[in-house]
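Computed from the coordinates by the stated procedures, all read-outs in this text should not be read as laboratory data. The shown structure was predicted, so the numbers you read here are calculated from the model rather than taken from an experiment. So basically every Cβ, Gly included, is an ideal-geometry build from the backbone, and we count neighbours across all protein chains shown.
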Amino acid sequence: MAVAQRAVFVGADQTPCMKFETVRVPPLRPGDTLVRIQMATICGSDMHTIEGRRKENTPSILGHEAVGVVVEHRREDVDLKPGDRVTFSIMNSCMMCDICKGGIPQKCRKLFKVGHGFRPLTDECPLNGCYASHIIIESGTAIVKVPDNVTDKMAVPVNCALGTMVNARDCMEDWNGTTALIQGAGMLGLYGCALLNEAGCAKVYCTDINKDRLARARNFGAIPYDKGSPDVPKSSEFDVVIEVCGAASVVNDGIDLLKIGGTYIFVGMVHPQSQLDITGNQIIRKCLTIKGLHNYAPWHLERAVQFISDTAQKYPYETLVSDPYPLQNIDGAVKESATQKYCRVAVAAK
């Protein structure tokens, strides 16, 4: 029986907060796929958990952004073979409940999320997060092959940030000729810049309080936005605003910038510190549409992989991800992630 290494999160209040273990890989159940992790990255939500700002069950294996290679599978609904390089959804959905059938399988009534401590670690379920050498992908989780022209660095964040932003792009049927503003120049925001640029927006603007992060927006098809500049749109001039920065303080500015009949898409404020100081009057008098969006469906992941392949040579995706730290030095990777030098810091088991 094969063995695997895993970094087990034991709690933000523990020192160290990660414990390294070697475990046996159990026999696969029908529908399971064993994937060897080639590279994983530290998402902002992982940092929230590690730093104690978000509570997850412990002990658990964190990490949900990864690219890997199929080792073995017992799955009939996907054409897979050992050696295929793949990404996978962070959500496991039943596709049978009313929520799934209503088109939002990422909020399934029986939802299980990779790398979020949804299930306890057991001998039968020892590998359900990405900070490990291997992961067992269960039936009900979308798996998508990664094209050869997409490097590991390009592919690794696709199953979180890019999938989510494809979902945001798909909220609008027609972007042609529109003017859009993205609030936030992190991974979500930069992916959003590229997506909207390719979707036919007349102009895509991006804003961020971190000037170094904002400077990257030009490389992804956007214009850095400074409301003090004389040559940028002012109040009531944007068709769409997308919030991806997670800060409730930007919402009043966003509403002010939207045209009458405009659309505001909320993506980043997935935390309790997001109470809004707005009035119904602001929304009603401008006839605004406000859309809340969380994660993505399997079809968004498929479109995300296709998008990254189609634009692999056009945008500098690899610059957003660090060279990988050894998994055994995940503490160093976490410290690097906190500097925000890279949108994502990578780890890999050796």
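As a footprinting exposure proxy, order 258, 214 by other Cβ within 10 Å, with the fewest listed first. Can you show the working numbers first?
On the way: 258 26, 214 19.
With the sparsest Cβ surroundings first, the list reads 214, 258.
Can you give the net charge of the other residues whose Cβ lies under 12 Å from the Cβ of residue 203, counting K and R as +1 and D and E as -1?
Working: positive: none; negative: 231, 237, 239.
Taking every other residue near residue 203 into account, the sum is -3.
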> In the neighborhood of residue 31, defined by Cβ-to-Cβ distances under 15 Å, what is the net charge if each Lys or Arg adds +1 and each Asp or Glu adds -1?
Replying inline: -3
> For the stretch 122-136, in order, what is each residue's ³J(HN,Hα) by Karplus, 6.51 cos²θ - 1.76 cosθ + 1.60 with θ = phi - 60°, in whole Hz (x at glycine and Pro)?
Replying inline: 9, 4, 7, 9, x, 9, 10, x, 9, 7, 6, 7, 9, 9, 9
> Short version: ³J(HN,Hα) in whole Hz for each residue of the stretch 227-238, in order, from phi by Karplus 6.51 cos²θ - 1.76 cosθ + 1.60 (θ = phi - 60°), x for Gly and Pro, what are they?
Replying inline: 5, x, 6, x, 10, 10, x, 10, 4, 6, 10, 9
> Packing-wise, with mean Cβ within 10 Å as the measure, how do 160-172, 116-128 rank, highest first?
Replying inline: 160-172, 116-128
>> Test of understanding: ordering 255, 42 by Cβ neighbours within 10 Å, fewest first, what list do you get?
In response: 255, 42
>> Charges on Cβ only, +1 for Lys and Arg, -1 for Asp and Glu, centred on the Cα centroid of the chain; of 343, 57, 130, which one is farthest towards the dipole's positive end?
In response: 57
> Could you put 300, 48 in order, starting from the residue whose Cβ has the fewest other Cβ atoms within 10 Å?
Replying inline: 48, 300
> If R0 is 41 Å, what FRET efficiency do you get for residue 350 and residue 283 from their C-beta distance, rounded to 0.05?
Replying inline: 0.20
>> I want to verify a result. In a Gaussian network model of the chain, Cα cutoff 10 Å, which of these has the top mean-square fluctuation: 239, 256, 231?
In response: 231
> Put +1 on the Cβ of each Lys and Arg and -1 on the Cβ of each Asp and Glu in the chain; which of 240, 292, 16 then has its Cα farthest toward the positive end of the dipole?
Replying inline: 16
> What are the residues whose amide H is under 5 Å from the amide H of residue 2, where those residues sit 5 or more places off or on another chain and H is modelled from the backbone?
Replying inline: 25
> Can you list the HN-Hα couplings for the stretch 72-87, worked out from phi with the Karplus curve (6.51, -1.76, 1.60; θ = phi - 60°), rounded to whole Hz and with x for Gly and Pro?
Replying inline: 7, 8, 10, 10, 9, 8, 10, 7, 10, 8, x, x, 5, 8, 9, 10
> What label, among (1) 124; (2) 189; (3) 135, belongs to volume of the Cα convex hull per residue in Å³ computed from the structure on display?
Replying inline: (3)
> If the viscosity is 1.306 mPa s and the temperature 10 °C, what translational diffusion coefficient in µm²/s does Stokes-Einstein give for the stretch 181-238 when Rh comes from Kirkwood over Cα pairs?
Replying inline: 142 µm²/s
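Taking a threshold of 29 Å on the Cα-Cα distance, which of the pairs 55/259; 145/350; 234/291; 55/107; 203/314; 107/145 fall above it? Walk me through the intermediate numbers first.
Numbers: 55/259 39 Å; 145/350 23 Å; 234/291 22 Å; 55/107 19 Å; 203/314 18 Å; 107/145 24 Å.
Going by Cα-Cα distance, 55/259 fall outside the 29 Å limit.
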>> I want the local charge near residue 216. Using Cβ-Cβ distances under 12 Å, sum +1 for each Lys or Arg and -1 for each Asp or Glu among the other residues.
In response: +2
> Which helices pass in the chain if a helix is a full DSSP H run, must span at least 15 angstrom along its long axis by Cα, and must have mean Kyte-Doolittle hydropathy not below 0.0?
Replying inline: 187-199
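Nearest 20 debye, what's the magnitude of the dipole of the chain about its Cα centre given +1 on Lys and Arg Cβ and -1 on Asp and Glu Cβ?
Numbers: 38 positive and 38 negative charges, 58 e Å.
Charge dipole of the chain: 280 debye, to the nearest 20.
Once the convex hull of the alpha carbons of the stretch 3-94 is built, what does its volume come to per residue, in cubic angstrom? Show your work: numbers first, answer last.
Values: hull volume 10.8 nm³, N = 92.
Cα-based convex hull of the stretch 3-94, divided per residue, equals 118 Å³.
For the stretch 172-292, with only Lys/Arg (+1) and Asp/Glu (-1) charged at the beta-carbon, what is the dipole magnitude about the Cα centre, in debye rounded to 20? Mind dumping the intermediate values first?
Numbers: 11 positive and 13 negative charges, 19 e Å.
With Lys and Arg at +1 and Asp and Glu at -1, about 100 debye.
List the trypsin sites (Lys or Arg not before Pro) in the stretch 83-141 that DSSP assigns to loop (not H, G, I, E or B) and whose Cβ has at most 14 other Cβ atoms within 10 Å. Which are they?
Numbers: sites: 85, 101, 107, 109, 110, 113; in loops: 109, 110.
Qualifying residues, ordered by number: 109, 110.
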